[in-house]
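Below: one structure, written as structure tokens.
The values are calculated or read from the model by the stated rules, or taken from the named source; none is laboratory data. The shown structure was predicted, so the numbers you read here are calculated from the model rather than taken from an experiment. Neighbour counts are summed over all protein chains in view; Cβ atoms, including those assigned to glycine, are modelled from backbone coordinates with ideal geometry.
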């Protein structure tokens, strides 16, 4: 992070360090010298945090909307990190202070509800295929409800917080905690944009067959994974 860091970013770094330490990670804030892994030094990059455990290591960068463009330069670094077994690059975005409306309590979904809903999703998919994919938008919205439910269940299991959060924040948090990968987070962020267009009246918004297939597969894997994580 550069000297233009906002107070919001600095606070988020401290919060993340505390969270990872509480989960048994060894945490280095703005590591220097030997604390920076050798393979990273050639990129001339100092992460905001490195969190290590016996099983995994997270290289974490915190950015605001104003400084995120700098991260486009780090694609080679991210690839190098992701190639190492047990290592993950995590980008955490900070948001402006949320309004009081976000304090509304939202009920936790039940696992059985997500499993049942996924079975209904497969039926809807089969119907749509028989009618020339006329129900793609309905499939996306149904799939998103399952995915968001699974992500919220996992976030609740690690944060014990039932407050309502917008979809982008939910995706960001689950990337931060390693429940989904950075690439999955990026894909879901793209799906959020399509979902928003549909729900705000652009009812004929198109979604590619490949993206819809990927979304349905992600539904299945997340429902299965959240069952494993919370059991």
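When each of 213, 206 is tested for being part of a helix (DSSP H, G or I) and out of contact with any helix residue (DSSP H, G or I) (no Cβ under 6 Å at 6 or more places or on another chain), the lone residue that passes is 213.
State whether the residues of segment 128-149 include one that is part of a helix (DSSP H, G or I), out of contact with any helix residue (DSSP H, G or I) (no Cβ under 8 Å at 6 or more places or on another chain), closer than 26 Å to residue 112 by Cβ and at pLDDT below 95. Checking segment 128-149: not a single residue is part of a helix (DSSP H, G or I), out of contact with any helix residue (DSSP H, G or I) (no Cβ under 8 Å at 6 or more places or on another chain), closer than 26 Å to residue 112 by Cβ and at pLDDT below 95.
Contact annotation: residue pairs with Cβ atoms under 8 Å, 6 or more positions apart or on different chains, pairing a residue in segment 125-137 that is on the phi > 0 side of the Ramachandran plot with a partner that is in a helix (DSSP H, G or I), are 133/209. Residue pairs whose Cβ atoms lie under 6 Å apart, sitting 6 or more positions apart in sequence or on different chains, and linking a residue in segment 176-199 that is free of Cβ contacts under 8 Å to residues at least 12 places away in the same chain to a partner that is crowded, with 16+ Cβ neighbours inside 10 Å and part of a loop (DSSP other than H, G, I, E, B), are 197/205.
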